[in-house]
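Encoded as structure tokens, the structure appears first; notes follow it.
The values are calculated or read from the model by the stated rules, or taken from the named source; none is laboratory data. Since we're looking at a predicted model, the values are computed, not measured. Using ideal geometry, Cβ is built from the backbone for each residue, glycine included, and neighbour counts are taken over all protein chains shown.
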Amino acid sequence: MKKTVMLTLCAVLFQVYGASAAQEDPAAAIETYPWSSQFSTDFTRHIIDYSDILSGGPPKDGIPSIDSPKFIPIHQASDWIKPQEPVILLPDINGESRIYPIQILMWHEIVNDRIQGKPVAVTYCPLCTTGVVFSAQVGDMHLDFGVTGLLRYSNMIMYDRYSESWWQQATGAALAGKFTGENLEILPSLTLSFENASAGHPDALVLSRDTEFMRAYGRNPYIGYDTSGIPFLYQGPGIDESMEMLDRVIALRVNGEVDAVSYALLKEEHLVEREIGGKPVAVFWVPGTSSALDAGDISSGRDIGSANAFFSQLGNLKLEFQYLGGDFIDIQTGTRWNTTGKATAGDLQGESLVPVTAVEHFWFSYQAFMNEFGSFGQE
């Protein structure tokens with residue numbers, strides 16, 4: 001039933017708003033594309049095939065970004081966000097940490113923020129389950145971003161409001177326009193439950209529901225999406241059938257090398273240790289995070305857990321871990337570490353592991369963008 005409802009919704013949205021892009025080179029006939037009149041983008045500069053662009057439904061800015069975010073302390077946010085709900089944690093930017101609930105990002109997809117003077121763009125594409133935080137600075141320019149309403153390989157295309165260049169949300173690559181060839185720096189962030197984010201960073205500020213928009217925060221407009229088996233409007237590279245298209249993975253990038261670990265494996269093992277790009281990496285998985293794309297109420301989604309990755313090297317000490325009772329214990333010192341990479345007890349108490357550049361993806365999305373993820377962005 002869920003699959004039927006989801007497919008019907010996709011068909012209606014596409015009939016109302018969308019049409020596939022024209023096939024001609026836009027340098028010669030950009031006006032033939034149905035979206036061209038919405039943008040002042042220099043479409044003669046591009047690194048993509050415009051025939052890969054589809055309308056996702058809403059027009060430009062039909063999904064409004066949050067441009068003047070307000071924040072509240074954790075104890076106030078606890079009145080309306082449940083412990084198991086997924087959030088994006090941006091830890092320790094110039095000494096400040098912030099929490100961005102998926103229940104708000106679901107309806108806005110981009111939050112243009114500034115932390116201690118540093119411009120950041122906190123982004124989320126529900127169709128690919130990709131939550132990515134970028135530095136919004138390119139050279140000397142501080143950019144802010146909006147939602148184009150367009151998709152490439154089922155992933156949101158953003159645009160910057162300075163040049164209206166297009167940017168791929170999954171990778172941070174400038175696809176078309178003035179900034180073509182530039183790459184946004186991906187800032188390490190963690191996707192996890194509100195309870196775990198709050199425990200790891202109790203002084204963090206939480207994005208407020210006071211956004212100046214009327215939206216059904218806490219509700220999931222994509223009911224049953226991540227069990228439907230079919231990505232919305234996916235037209236992209238062929239997918240390795242070793243996993244289902246909507247299986248979750250955590251994609252990791254170190255020194256230009258890319259790897260992925262499946263949630264299915266992590267649910268069995270809780271811990272996966274690998275060497276990537278010549279560096280030792282540990283991926284922690286814990287239960288207790290609800291799927292945002294399952295039930296109508298985000299807090300009622302099935303438990304998919306959360307996965308986050310950290311460098312295992314701490315100074316001259318290479319750590320190896322084992323999972324024990326909800327936390328992780330390093331074999332070398334017996335120190336206990338939580339899912340945010342903080343040492344909570346033992347010889348190394350107070351230390352923190354450095355997060356790896358990592359993004360949660362559906363399998364189809366990782367397959368579509370894994371080569372680009374390896375080359376776009378910064379270490």
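Listed values, structure above:
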{"quantity": "Wholly within segment 193-305, strands (runs of 3 or more DSSP E) carrying at least 1 residues that are touching an Asp or Glu at 6+ places or on another chain (Cβ under 7 Å) and over 24 Å from ALA368 (Cα atoms)", "calculated": "271-276, 279-286"}
{"quantity": "Selection status of THR32, among the hydroxyl-bearing types (Ser, Thr, Tyr), more than 20 Å from TRP167 (Cα to Cα) and over 23 Å from the mean Cα position of the chain (by Cα)", "calculated": "yes"}
{"quantity": "Residues located in segment 40-54, provided they are surrounded by 20 or more Cβ atoms within 10 Å (Cβ to Cβ) and assigned to a helix (DSSP H, G or I)", "calculated": "TYR50"}
{"quantity": "Matching residues in segment 146-161 - criterion: being part of a loop (DSSP other than H, G, I, E, B) and touching a helix residue (DSSP H, G or I) at 6+ places or on another chain (Cβ under 6 Å)", "calculated": "TYR153"}
{"quantity": "Residues being hydrophobic (A, V, I, L, M, F, W, C), modelled with pLDDT of 95 or more and either more than 18 Å from VAL254 (Cα to Cα) or in a loop (DSSP other than H, G, I, E, B) (or both) - total across segment 308-353", "calculated": "11"}
{"quantity": "Residues (part of a strand (DSSP E or B) and at pLDDT 95 or above) located in segment 55-79", "calculated": "ILE66, PHE71, ILE72, PRO73"}
{"quantity": "Selection from segment 48-106 of residues that are basic (Lys, Arg) and in contact with a Phe, Trp or Tyr (Cβ under 9 Å, 6 or more places away or on another chain)", "calculated": "LYS60, LYS82, ARG98"}
{"quantity": "Positions within segment 271-288 being farther than 16 Å from ASP247 by Cβ and crowded, with 21+ Cβ neighbours inside 10 Å, in sequence order", "calculated": "VAL281, ALA282, PHE284, VAL286"}
{"quantity": "Failed criterion for ASP294 (all others in (1) within 30 Å of ASP52 (Cβ to Cβ); (2) surrounded by fewer than 21 Cβ atoms within 10 Å (Cβ to Cβ); (3) in contact with a Ser or Thr (Cβ under 8 Å, 6 or more places away or on another chain) hold)", "calculated": "(2)"}
{"quantity": "In segment 192-227, residue farthest from ALA121 (Cα to Cα) [restricted to those that are surrounded by fewer than 23 Cβ atoms within 10 Å (Cβ to Cβ) and of a type in the set (A, V, I, L, M, F, W, C)]", "calculated": "ILE223"}
{"quantity": "Filter result for THR123 (among the polar types (S, T, N, Q), in a loop (DSSP other than H, G, I, E, B) and crowded, with 23+ Cβ neighbours inside 10 Å)", "calculated": "no"}
{"quantity": "Unique match (being touching a helix residue (DSSP H, G or I) at 6+ places or on another chain (Cβ under 6 Å), at pLDDT below 95 and either surrounded by fewer than 17 Cβ atoms within 10 Å (Cβ to Cβ) or over 30 Å from ASP140 (Cα atoms) (or both)) among ILE230, ILE239", "calculated": "ILE239"}
{"quantity": "Residue ID - nearest to the chain's Cα centre (by Cα), chosen from residues in segment 162-192 that are assigned to a strand (DSSP E or B) and under 19 Å from GLY149 (Cα atoms)", "calculated": "GLN168"}
{"quantity": "Residue check for ALA216: within 17 Å of GLY341 (Cβ to Cβ), at pLDDT 95 or above and hydrophobic (A, V, I, L, M, F, W, C)", "calculated": "no"}
{"quantity": "Failed condition for TRP363, given (1) under 17 Å from the mean Cα position of the chain (by Cα); (2) of a type in the set (Phe, Trp, Tyr); (3) surrounded by fewer than 19 Cβ atoms within 10 Å (Cβ to Cβ)", "calculated": "(3)"}
{"quantity": "Residue match in segment 371-379 (condition: touching a residue at least 60 places away in the same chain (Cβ under 8 Å), on the phi > 0 side of the Ramachandran plot and touching a Leu at 6+ places or on another chain (Cβ under 9 Å))", "calculated": "yes"}
